[in-house]
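The values are calculated or read from the model by the stated rules, or taken from the named source; none is laboratory data. What you see is a predicted model; the values in this text were computed from it and never measured. Positions of Cβ are backbone-derived with ideal geometry, glycine not excepted, and every protein chain shown enters the neighbour counts. Just so you know, the surface numbers come from the protein's heavy atoms only, side chains and all, with ligands and any DNA or RNA stripped out. Shrake-Rupley method; radii C 1.70, N 1.55, O 1.52, S 1.80 Å.
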Amino acid sequence: LTAWSTPGAALLAGTSGVAMGEAVGAFIACGVLIVAAGVTRGFERVMDRIPQAIAAALLAGVLAKFGIDAVGATQSAPLLVLVMALAFLCGRRWWPRYAVPGVLVVGIVVAALQGRLSWGAVEASVAMPVWTTPLFTWGAFVGIAVPLFVVTMASQNLPGVAAQRAAGYATPVSHSITATGAATVLLAPFGGYAFNLAAITAAIAMSPEAHADPAKRYTAAVMAGVFYLAIGLAGGA
């Protein structure tokens with residue numbers, strides 16, 4: 001299962017003064033660097049040297065921020081957060097496979113009852129890919145491509161591999177990294193800034209709730225891809 005680089009998005013949000021064409025060129029360069037890391041097996045050798053406990057701690061560090069942010073959200077929406085937390089605990093106890101969708105449904109219902117949903121502001125429209133011609137500049141390479149590559153590999157792909165290994169999967173790391181880099185190169189002209197191995201959502205897809213047979217849990221990743229496409233097309237709303 002893949003995702004966009006979350007720290008990469010934060011990096012781009014703090015970048016200014018760069019034209020879209022230059023940014024796209026930097027995205028492509030970042031993808032080439034990711035491919036190189038996969039083809040040369042350099043990243044896999046690094047992962048083989050990291051103890052399993054430290055790799056698991058990397059994933060825990062990613063998850064910890066979301067847990068802390070959820071607690072902090074009780075200040076602005078205490079009822080919404082507490083009811084959703086209770087729904088999750090009940091779901092994990094009695095219907096673990098549907099715990100996460102159940103939390104989503106409960107959250108929507110509570111938000112609707114509190115008048116937090118403004119459906120009148122939503123305009124239905126379909127988002128279509130838009131091509132941007134890349135422009136390669138040294139400044140964008142140094143200022144965007146290299147930092148984007150570093151944060152994607154360190155903050156996303158490391159926990160992504162850690163999640164796979166924690167779930168008991170001996171995934172071919174180099175091939176997977178190469179594939180994400182190639183996807184970045186191909187989709188960068190359409191705005192795809194950096195693709196990487198997922199960690200949080202991948203942990204859900206690799207859990208026993210996804211399928212009792214570990215060899216068939218890949219279907220969860222396939223369906224996640226289908227939902228990604230559907231949500232992407234609805235992004236214009």
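Mind giving me the FRET efficiency for Ala121 and Leu86? R0 is 30 Å, r the Cβ-Cβ distance, nearest 0.05 is fine. Walk me through the intermediate numbers first.
Numbers: r = 29 Å, r/R0 = 0.98.
Working from the Cβ atoms, E equals 0.55.
As a check on your grasp of the helix formula, calculate [θ] at 222 nm for the chain: sum -39500 (n - 2.57) over DSSP H runs of n ≥ 4, divide by the residue count, round to the nearest 500.
Numbers: 11 runs with 142 residues, N = 237.
Dividing the helical sum by the residues of the chain leaves -19000 deg cm²/dmol.
For the chain, carbon and sulfur atoms together expose 73% of the accessible surface, with a 1.4 angstrom probe and every protein chain in place. Which one of Val109, Ala99, Trp138 is farthest out on the positive end of the charge dipole of the chain, using unit charges on Cβ (Lys, Arg +1; Asp, Glu -1) and the Cα centre as origin? It is Ala99. Take the Cβ atoms of Trp131 and Ala111, set R0 to 25 Å, and the FRET efficiency comes out at 0.10. Using 0.36 nm per residue and subtracting the Cα-Cα separation, the extra length available between Lys216 and Asp69 on full extension is 49.6 nm. Legend: residues Met206, Met84, sorted from most to least accessible area (1.4 Å probe; ligands, DNA and RNA excluded), read Met84, Met206. Between the entries (i) 1.08; (ii) 0.94; (iii) 0.99, the label attached to Rg/Rh (Cα atoms, Kirkwood Rh) calculated for this structure is (iii). Dipole check for the chain: with +1 at the C-beta of Lys and Arg, -1 at the C-beta of Asp and Glu, and the Cα centre as origin, the magnitude is about 520 Debye. Each peptide in 28-40, 182-194, 161-173 receives the mean, over its residues, of other Cβ atoms within 10 Å, and ordering these scores from highest gives 28-40, 182-194, 161-173.
With the highest mean first, a sort of the peptides 85-92, 196-203, 71-78 on other beta-carbon atoms found within 10 angstrom per residue produces 196-203, 85-92, 71-78.
At an R0 of 41 angstrom, the distance between the Cβ atoms of Ala9 and Trp95 translates into a FRET efficiency of 0.80. Evaluated with a Cβ-only charge set (Lys, Arg +1; Asp, Glu -1), region 20-149 carries a dipole of roughly 480 debye about its Cα centre, given to the nearest 20. Contour minus end-to-end for Met20 and Ala77, with contour as 0.36 nm per residue of separation and end-to-end as the Cα-Cα distance? Between Met20 and Ala77, full extension yields an extra 16.8 nm.
Restricting the calculation to alpha carbons of region 1-111 gives Rg and Dmax of 19.8, 52 angstrom.
Please sort through the DSSP H helices of the chain and keep those with an alpha-carbon extent of at least 27 Å along the long axis and a Kyte-Doolittle average not below -0.5. Write down the numbers at each step before the final one.
Details: long enough: 20-39 (28 Å, 2.04); 52-72 (30 Å, 1.53).
Those that clear 27 Å and a mean of -0.5 are 20-39, 52-72.
Annotation: per residue accessible area for region 30-189 equals 61 Å², rounded to a whole number [probe 1.4 Å, protein chains only].
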